[in-house]
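As structure tokens, the structure follows; a few thoughts come after it.
The values are calculated or read from the model by the stated rules, or taken from the named source; none is laboratory data. Since the model is a prediction, treat every value here as computed from it, not as a measurement. Cβ placement follows ideal geometry from the backbone for every residue including glycine, while neighbour counts extend to all protein chains displayed.
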Amino acid sequence: MNTAVSTQVHASAAELEKAARRTHLTVFVLMMVVLIAAPFLGVYPVFMMKVMCFALFACAFNLLLGFGGLLSFGHAMFLGGAGYAAAHSAKVWGFTPELAVLFATACTAALGWVTGLLAIRRQGIYFAMITLALAQMVFFFSLQAPFTHGEDGIQAVPRGKLFGLIDLSQPSAMYIFVLLIFVIGFALIYRIVHSPFGQVLQAIRENEARAISLGYDADKFKHRAYVLSATLSGLAGATKAILFQLASLTDVHWGMSGEVVLMTLVGGMGTIFGPVVGAAVIVTMQNYLAELGAWVTVVQGVIFVICVLLFRRGIVGEIGNWLKKSL
């Protein structure tokens, strides 16, 4: 009898997982259609590329917060740090764009590994404060270091030729390059979340004491999640620096860490597609409300309050709850 019940439970769980994967595939295809068709529908390509860079950044942050339960206030150090590494290697050392992005991503992986060893020793608000303090150290280093050029940043970064063949100064080539990086990063995050590692990470988020009692090293899993999140954030930052041909203090400032938290919460923390929607909403607001100046921050705050009060799961989270589907 018990065997029959267990078999039914496993079969039901398998069916639910298949249904969730079908839903995710459908939404992913729709997202790709939008991203590919947008330039042909009159949407400014640079705007869409900016959305994709920040969407990847938000997805990487969501890996740590939404699935790992770790709130970081210092993720700007990975976005901005990778931007400086990519810009310097491309402009001064003459790296091709793919090498500059890979080099910058490797640098943020190393930075994430080191800072993670320090931050992961604490939990909750203490973890958040340590990451903020580390990010401020990186900010002041970026302000004072000679190669970053202080408040001027690294300007006129050459986009170069991809693999020495494809000229990224062409808008269409650059768009495809950014799109491919976003898709690769998004697919990698999806695979991580749905891997055994991701399942253990979520178990630690839900009940760390029970996960430890089952024999899992919680600190090791959290540190790996932190490094992965840092690495993918760096990938987004390096791509953004090549795209805008600029690395500046804006991306390494603490305000950027706040923005990625806002993107994740507005879109839907702990969802697959929520950070993408959240990034699109915030970037759209910044782009089309730019004429309001400093009032953009006020508008963002109002929208954030509305989302917290009316959409506690975020935009995608509420839609998924309404449709009774995992998004």
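Being in a helix (DSSP H, G or I) and free of Cβ contacts under 8 Å to residues at least 24 places away in the same chain is the filter here; which residues of region 180-205 pass it?
180, 184, 187, 191, 196, 199, 200, 203
Would you confirm whether or not region 131-141 contains a residue that is among the polar types (S, T, N, Q), within 15 Å of residue 252 (Cα to Cα), surrounded by 13 or more Cβ atoms within 10 Å (Cβ to Cβ) and out of contact with any Leu (no Cβ under 8 Å at 6 or more places or on another chain)?
Yes, region 131-141 contains a residue that is among the polar types (S, T, N, Q), within 15 Å of residue 252 (Cα to Cα), surrounded by 13 or more Cβ atoms within 10 Å (Cβ to Cβ) and out of contact with any Leu (no Cβ under 8 Å at 6 or more places or on another chain).
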Q) Yes or no: residue 153 in contact (Cβ under 8 Å) with a residue 24 or more places away in the chain, of a type outside the set (D, E, K, R) and under 21 Å from residue 230 (Cα atoms)? A) no
Q: Can you tell me which residue among 205, 224 is of a type in the set (D, E, K, R), in contact with a Gly (Cβ under 6 Å, 6 or more places away or on another chain) and either surrounded by fewer than 22 Cβ atoms within 10 Å (Cβ to Cβ) or under 23 Å from residue 183 (Cβ atoms) (or both)?
A: 205
Q: Considering (1) modelled with pLDDT under 90; (2) in contact with a Cys (Cβ under 8 Å, 6 or more places away or on another chain), say which one residue 12 fails and leave the rest.
A: (2)
Q | Matching residues, region 304-314, being on the phi < 0 side of the Ramachandran plot and in contact with a helix residue (DSSP H, G or I) (Cβ under 7 Å, 6 or more places away or on another chain) | A | 304, 307, 311, 313
Q. Out of all the residues in region 29-43, which are in contact (Cβ under 8 Å) with a residue 12 or more places away in the chain and either more than 21 Å from the chain's Cα centre (by Cα) or over 18 Å from residue 176 (Cβ atoms) (or both)?
A. 39
**Q.** Leading residue by the ranking (surrounded by the fewest Cβ atoms within 10 Å (Cβ to Cβ)) among those in region 93-115 that are touching a helix residue (DSSP H, G or I) at 6+ places or on another chain (Cβ under 6 Å), of a type in the set (A, V, I, L, M) and closer than 20 Å to residue 165 by Cβ
**A.** 101
Q.
Looking at region 283-298, I want the residues that are at pLDDT 75 or above and have a partner that is of a type in the set (Lys, Arg) with Cβ atoms under 7 Å, at least 6 apart or on another chain. Which pairs are those?
A. 283/50
**Q.** Restricting region 71-92 to residues that are of a type in the set (Gly, Ala, Ser) and assigned to a loop (DSSP other than H, G, I, E, B), the residue that is surrounded by the fewest Cβ atoms within 10 Å (Cβ to Cβ)
**A.** 74
Q. Across region 245-297, what is the number of residues that are in a helix (DSSP H, G or I), more than 14 Å from residue 51 (Cα to Cα) and within 18 Å of the chain's Cα centre (by Cα)?
A. 12
**Q.** Number of the exception - residue 95 against (1) over 27 Å from residue 204 (Cβ atoms); (2) assigned to a helix (DSSP H, G or I)
**A.** (2)
Q) Hey, any hits in region 319-326 for a residue that's hydroxyl-bearing (Ser, Thr, Tyr), part of a helix (DSSP H, G or I) and at pLDDT below 90? A) no
Q.
I'm trying to understand the selection: among the residues of region 178-201, which are crowded, with 16+ Cβ neighbours inside 10 Å and either among the polar types (S, T, N, Q) or over 25 Å from residue 227 (Cβ atoms) (or both)?
A. 179
Q: Go over the candidates 133, 173 one by one and state the one that is assigned to a helix (DSSP H, G or I) and either under 23 Å from residue 73 (Cβ atoms) or at pLDDT below 90 (or both).
A: 133
